[in-house]
Every structure is written in C-alpha cells, then in structure tokens.
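Reviewing the structure listed below.
Each value in this text was obtained by applying a stated rule to the coordinates, not by laboratory testing. All figures in this text were calculated on a predicted structure; none of them were measured in a lab. Cβ: placed from backbone, ideal geometry, glycine included. Neighbour counts: every protein chain shown.
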Amino acid sequence: MPDLSKRASRLADGLAMGESPRWHDGRLWLSDWGAQEIVAFDLDGRRSATLAVPFPLPFCFDWHTDGSLLVVAGRNAGLMKQGADGALVQFADLSAISSGPWNEIVVHATGHAYINSPDAIAVVSPDGAVRKVSDGGEFPNGMAITPDNRTLLLAESQGQCITALDVALDGSLSNRRTWADLSGYPDGICLDAHGALWYADVPNKHCLRIREGGEILDVVSVDRGCFSCTLGGDDGKTLFIVATEWRGMDKIAEVAAARTGQVFAVTAPAAAAGWRRD
C-alpha cells in the first residue's frame, strides 16, 4: 500500500472548522463553517474569495448545473441559492422531511441535488421541489456520483461503510447496497478516474484510497483529523485534504476559536472523475 504522506504539503492554515472542499473555476473552495464563511484559495494558498454566510452551520455547498451556488443551511433545514446580486435566498425547504441537521450536498448532472441528514436523503429538483428518496443511514456524511451518473455513493461514518444507491432519471434512489466495508470512519469522499474512492477519516487522521470492496490502494496521513477531501488542480490530480484538530463534540467551539484548520495538498495517482465545473 503506497504511503503518500511525505509528499503532502500544507497549502493553507488558520481555518476554524473546514469542510466540503470543491474544485471550481480554477480554485479550491471550501466551507469554513466554524467561521460561517465559504472561502476560495488559489494554488499558492492565497485566499482569493470570501463569502460571509448569514446563518449557522453552512456545512456543505455545491454548484447547480445553472452555475449558481447552493449552500446547505444545516441547522435551519433549508437549501439556499445565491442570486445574481450575491445574496443567499431560500431555494428549498427541507423541514417537512427532517429538522436535520442537514449535512452534505452533491449535484447530479440532471440538476437534481441530493442532501443528507441522519433521518433521510432528500432530492431537490431543479425547480426547488423536495422529496425524500432514501433513509439517511448511520451518520451519513460525504456523497459522490459516479461518472456514468447512475450511482450515488454515500459515506456512513458510524456504519463504517460506503453505501451505493442506483440513481433514476427522475432523481429517485433504489437498490441500496454496501460498496465497501471499512475499518475506519469515512467522512468526506471523492472519486477518481480509475474508479477508486478517497475518503477522509477524522479519528484516524488520514485519507485512504480504496477500490470497490474495500481494498486499500493508497494512504495520506497528517497530524490532525481529516474531515474531507477532493481532487482538483490544473490536471485534476491534486488531492486536497481539509483537516482540523479534533477534541470531541463538546470542544467544537474551543477548536474553532483556536483556528487549527489546515488544507494539505498531494499529487494523487489518478485524476478526478465525474463532470467538471471549470
């Protein structure tokens, strides 16, 4: 199992609690939900954009197929959309399905957006209509969609597994099954062009690259909890890792104030998979 840890370099630091990295428009974007901000960095680690979010726990975000930014209001059970004037307005109300907290979002090439909570996975159609399409699982976290747009992969942190669900044209999910059983606790995930999956693991302070079935292919270890990861860069082969010290649920405010969050970068064996938003 190749260990890529020594090749990893620190790209940025000073984050409160980082999550949801996305490569978009030639920059690395992430949610610093501890600071209620969405920020962007260039490849030299310079902060090039900051969007202050006027609600708590903006855990995750993604871009709609129309190019607009979607942000999950985790505690408010809403999905917000950025308008032409830059303001975030409610696009979908998730409260009828679950009070949340709502967590991860991933947008399908059809424009359907999937969002998860402990109670459910909801799909938001391009017109903002909401419906439940699956149970949430055992502490659902990261999600990814395969390049053929037919399968949604879900990290179940407490279930210690990656779950797969078939995606229908109308956004429905079916045929829930285990894609890989794990010995760790998967959080944020991403797919590469070789069909492998990277997952971040907070308590084990590493990111692992696995194939379907769970075989470990590569590892990157750092000195703090790995919350999420994504592939990007000019050639799609840079793995970006968002990591923060983890001292337990009761110490989140303390850690956020200490701003121990960092972003690491390492060259990966394969480029990003799926439709690119550059």
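Being assigned to a strand (DSSP E or B) and over 13 Å from residue 43 (Cβ atoms) is the filter here; which residues of segment 11-23 pass it? Spell out how you get there, then give the answer.
At the first step, the residues of segment 11-23 found to be assigned to a strand (DSSP E or B) are 11-15, 18-23.
Scanning segment 11-23 gives 13, 14, 15, 18, 19, 20, 21, 22.
Restricting to segment 242-274, count the residues that are closer than 17 Å to residue 20 by Cβ, part of a loop (DSSP other than H, G, I, E, B) and of a type outside the set (Phe, Trp, Tyr).
Adding up the residues that qualify gives 1.
Only strands (runs of 3 or more DSSP E) wholly contained in segment 44-118 count here; list those with 2 or more residues that are farther than 19 Å from residue 25 by Cβ and touching a Leu at 6+ places or on another chain (Cβ under 8 Å).
Numbers: elements: 47-52, 61-63, 69-73, 78-82, 88-93, 105-107, 113-116.
Of the strands (runs of 3 or more DSSP E) lying wholly inside segment 44-118, those with at least 2 residues that are farther than 19 Å from residue 25 by Cβ and touching a Leu at 6+ places or on another chain (Cβ under 8 Å) span 69-73, 78-82, 88-93, 113-116.
Results for (1) among the polar types (S, T, N, Q); (2) at negative phi; (3) surrounded by 15 or more Cβ atoms within 10 Å (Cβ to Cβ), shown as yes or no for each residue.
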| residue | (1), (2), (3) |
| --- | --- |
| 139 | no, no, yes |
| 166 | no, yes, no |
| 173 | no, yes, yes |
| 179 | no, yes, yes |
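Return the residues of segment 58-101 that are aliphatic (A, V, I, L, M), closer than 14 Å to residue 121 by Cα and surrounded by fewer than 17 Cβ atoms within 10 Å (Cβ to Cβ); say none if nothing qualifies.
If the condition is that a residue be aliphatic (A, V, I, L, M), closer than 14 Å to residue 121 by Cα and surrounded by fewer than 17 Cβ atoms within 10 Å (Cβ to Cβ), then 96 is the only one that fits.
Condition first: free of Cβ contacts under 8 Å to residues at least 12 places away in the same chain and more than 19 Å from residue 233 (Cα to Cα). Can you find one or more residues in segment 56-71 that meet it? Walk me through it before giving the result.
We begin by selecting, within segment 56-71, every residue free of Cβ contacts under 8 Å to residues at least 12 places away in the same chain; these are 67.
Adding the requirement that they be more than 19 Å from residue 233 (Cα to Cα) leaves 67.
Yes, segment 56-71 has at least one match.
Mind listing whichever residues of segment 208-241 are assigned to a strand (DSSP E or B), under 21 Å from residue 160 (Cβ atoms) and either among the β-branched types (Val, Ile, Thr) or touching a Gly at 6+ places or on another chain (Cβ under 9 Å) (or both)?
Narrowing segment 208-241 to residues assigned to a strand (DSSP E or B): 208-210, 216-221, 225-232, 238-241.
After this cut, where a residue has to be under 21 Å from residue 160 (Cβ atoms) as well, the list is 208-210, 216-221, 225-229, 241.
Across segment 208-241, the qualifying residues are 208, 210, 216, 219, 220, 226, 227, 228, 229, 241.
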